[in-house]
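Beneath this line is the structure, given in structure tokens, with notes to follow.
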Amino acid sequence: MEALGNLLFGFTISLTPYNLVVAATGVFLGIIIGVLPGLGGTSGVAILLPLTIVMPPTSGIILLASIYWGALFGGAITSILFNIPGEPWSVATCFDGYPMAKKGKAGEALASAFIPGFFASLVAILLFTFFAPALALIALKFGPPEYLAVLVLAFSTFVGLGGGSLPKTMASMFIGFLLGSVGLDIVTGQPRLTFGSIELLAGFSFITACIGLFGLGEILLSAEESLEFRGVQAKVKVNDMWSVVKSLVQHARTFVTGTLLGFWVGVMPGTGATPASFMSYGMAKQSSRHPEKFGTGVPEGVMATESAAHAAGIGALLPLVTLGIPGSPTAAVMLAGLFVWGFIPGPRLFAEQPDFVWGLISSMYIGNLMGLLMCLLLLPFFAAILRIPYAILGPLIVLFSAIGAYAVKNMMLDIWLLLIFGVVGYVFKKLGYPLAPLVIALVLGDMTEEALRQSLIMSDGSFAIFFTRPIAAGLIGVAAVIFCLPIVGPLLRRVVAGLRTAPASGR
Amino acid sequence: MKRAEIICALAVLAWAGLMLREATRLNIGWESSGPGAGFFPFWLSAGLAIFAVVVLIQTLRAASSAPKKRFIPAGALPSLLKVVLPIAGMILAMEIAGFYLAAALYLAFVMRWIGRHPWPLVIGVSFLFPLATYFVIERWFLVLLPKGYLEIRLPF
């Protein structure tokens, strides 16, 4: 019940007029970012991060988190009305949302995205509110070896659950770590990998990498498609909302599995809303009584995707607040924000910055409610944004990216790096090198190295320390199992497929 | 697609090699207080090189009967260059003339040349956007924007 009191205390912070305006601005900008293809939540949050430096940190995190909630709502609008995913996590929303819109049920499709999305967020935030303090309490007892074990676990999930090519995932992660180790060595203070450049002494800016890889890379990808927006006109009527609320009861199982799965995938570091949405869609299809109808415009399809994506978005902040480890690329940008505001991420945040943590948690309730209301009321406005010609929108996004990249350290070098990262992001995306491991390794590189070196100092250089402490050993063990999944997984699947007589109907 | 895979893997390999050489200028061994400054960079770049080689081998061994897909779809290269080159030009202009002038020129160029929008709109947007960023970003949020060699002499 202590959590309830803390939550109420949080509301005294997040309900101040200034923070309400901040949250509303964030959600509004977030929906626009979500609606625009070629500008994702990750790069959107990264571009706006420098602007939070002049704000109080609590308002800063509320702004960034609200952008995330807005983007989670906004992505669905583009997917359903234009059949172009506004965000990577709303790709699966297109599968059933657009066919519904074409059949004249656009309002119902949008309501099936917004309303289950909102309720999934609500369930996830409730889980967050009561689960996070307990986890932080456990994490407070962690020493450097346990921390390293948690980080190893985080990185093992990329390999085990990422689903991409194993060597490419590893290469991506190693590039991130290498970029992260550029600059002054944390222990000896020697310059590393700087090639004698003074500008590189400060290391690579994580924000620049994020905006470049995700933002500019996405713009280059959409450049070759010469986007044309021809959408379906739509309004969400009260009738649509009512029928969705009724069908929510009817499809309770889809909703509950989607939400819980999404939350769990979101909490697992480095995965986030995108894989959660695909997994949930696949599960809803497999467990449905009429899987053949999926893809032709069934509301459950939209519901499954959106509830998982929203729950994952909330879940991704849980390890960020309790352990200082981001659960998704967007959360990784927020972690960079914590450093900028002068906080040390980790379990101590709960004890030392209660107004920050509880202000953030309570603002999740407010932000998601605002997201739902804005989407329902201002839908025609958001859909109209896509009618702005790309020759105006594209350059504006590029200029905002340049401002975001420059503002962190006031160096022109960062703007050039932005372009280089943009090209790298474009090439990597086309060739299937996952980007999330790269950016998360870049932002967690220092922390990982520090944990490893401190542990080794504790043990006089012996690696045995990771196996003699129970929590660390347990976590390393779990990490080892997850790490081996890509090798063991296909074997298991073959065994399972052999046992089943019916062929597994995958995607 | 296959050629692009190979070139990319080779580029990653080359970069790993470069980092490896830079790392060996530091102590890559063990010091009294633990690993030396070059220890992690050395093993990270060595690991990266190994994974790049694995990708390379996998690509070369993959069946070449797969349908040939071009890395950049046919006809997409010009529209790609139309996006990349103005960005590069804009950054170059920013070095010389600072953010505002570069932004205005870049916006006007892309809107007129690629978008073929009417002149009043072109001039309006490319004038108003830098003005708005000045007031919102530089005056309100107090975030500095790039200053060029020309602007440094101006009084504000």
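The values are calculated or read from the model by the stated rules, or taken from the named source; none is laboratory data. Predicted model, so just to flag it, every value in this text is computed and none were measured. Cβ placement follows ideal geometry from the backbone for every residue including glycine, while neighbour counts extend to all protein chains displayed. Ligands, DNA and RNA are stripped out before the accessible areas are found, and what is left, the full protein with its side chains, is counted by its heavy atoms. Shrake-Rupley method; radii C 1.70, N 1.55, O 1.52, S 1.80 Å.
I'd like to check one number: the per residue accessible area of chain A, probe 1.4 Å, reported in Å² as a whole number.
Dividing the accessible area of chain A by its residue count gives 37 Å².
For the pair A:T25 and B:R70, how long in nm is the line joining their label points, each one 7 Å along Cα→Cβ?
Here the answer is 4.6 nm between the modelled labels.
Using only helices, what value at 222 nm comes out for chain A when you add -39,500 (n - 2.57) per DSSP H run of length 4 or more and divide by the total residues, to the nearest 500 deg cm²/dmol?
-24000 deg cm²/dmol
Using alpha-carbon pairs under 8 Å, 6+ residues apart, how would you state the relative contact order of the range A:382-507 in percent?
7
Along the Cα-to-C-beta direction of A:A384, a point sits 7 Å from the Cα; which residues of the range A:79-123 have their amide N less than 18 Å from that point?
Residues A:81-82 qualify, since their backbone N sits under 18 Å from the label point.
Give me the lysines in straight-line cross-link reach of B:K2: C-alpha distance below 19 Å, same-chain residues under 8 apart excluded.
Counting by Cα, and skipping residues close in sequence, B:K2 has these lysines nearby: A:K168, A:K429, A:K430, B:K68, B:K69.
Keeping every protein chain present and rolling a 1.4 Å probe, give me the accessible area per residue for chain B in Å².
On a per-residue basis, chain B sits at 59 Å².
Enumerate the residues in the range A:162-195 having an amide nitrogen under 14 Å from the point lying 7 Å beyond the Cα of B:R25 toward its Cβ.
A:182-185, A:190-195
Using a Cα-Cα cut-off of under 15 Å, which aspartates and glutamates could be cross-linked to A:K237, ignoring same-chain neighbours fewer than 8 residues away?
Of all the aspartates and glutamates, those that pass the test against A:K237 - Cα under 15 Å, at least 8 places apart if same chain - are A:E108.
Might you report the magnitude of the Cβ-based charge dipole of the protein assembly as shown about its Cα centre, with Lys and Arg at +1 and Asp and Glu at -1, to the nearest 20 debye?
So the dipole magnitude of the protein assembly as shown works out to roughly 2000 debye.
What nm distance separates the two modelled labels at B:L101 and B:E138, each placed 7 Å from Cα along Cα→Cβ?
It works out to 1.3 nm between the two label points.
Between chains A and B, what is the buried accessible area summed over both chains (1.4 Å probe, protein heavy atoms, nearest 100 Å²)?
Counting both chains, the buried surface is close to 5400 Å².
Ignore the peptide's own chain and count Cβ atoms of other chains within 10 Å of each Cβ in B:48-58; give me the average, rounded.
Rounded to a whole number, the mean comes out at 5.
Cross-link partners among lysines for A:K285, C-alpha distance below 16 Å, same-chain residues fewer than 8 apart left out?
A:K293
What is the mean number of Cβ atoms from other protein chains located within 10 Å of the Cβ atom of each residue in peptide B:100-111, rounded to a whole number?
The shielding value for this peptide is 3.
When the label point is put 7 Å from the Cα of A:I186 along its Cα-to-beta-carbon vector, which residues of the range A:18-59 have a backbone N closer than 14 Å?
The answer is none.
Near A:V187, within a Cβ-to-Cβ distance under 12 Å, what is the net charge of the other residues, with Lys and Arg +1 and Asp and Glu -1?
Spelling it out: positives minus negatives among the neighbours equals -3.
How much length is gained on full extension from A:K141 to A:T16, taking 0.36 nm per residue of separation minus their Cα-Cα distance?
41.6 nm
For the range B:1-129, what mean projected area does the convex hull of the alpha carbons give, in nm²?
If you wrap the Cα atoms of the range B:1-129 in a convex hull and average its projections, you get 13.3 nm².
In nm, to one decimal, how far is the modelled label at B:M1 from the one at B:L80, with both set 7 Å along Cα→Cβ?
1.4
Compute the normalised compactness of chain A: alpha-carbon radius of gyration over 2.2 N^0.38 Å, N being the residue count.
0.94
If you count, for each residue, the other Cβ atoms within 10 Å and average over each peptide, how do B:20-30, A:272-282 line up from highest to lowest?
A:272-282, B:20-30
Which residues belonging to the range A:376-402 lose at least 40 Å² of 1.4 Å-probe accessible area when the assembly is complete, relative to their chain isolated?
A:A391, A:I392, A:P395, A:L396, A:V398, A:L399
Heavy atoms only, probe 1.4 Å: what % of the accessible area of the protein assembly as shown goes to carbon and sulfur, would you let me know?
70
Counting partner chain Cβ atoms within 10 Å of every residue's Cβ in A:185-197, what's the average?
5
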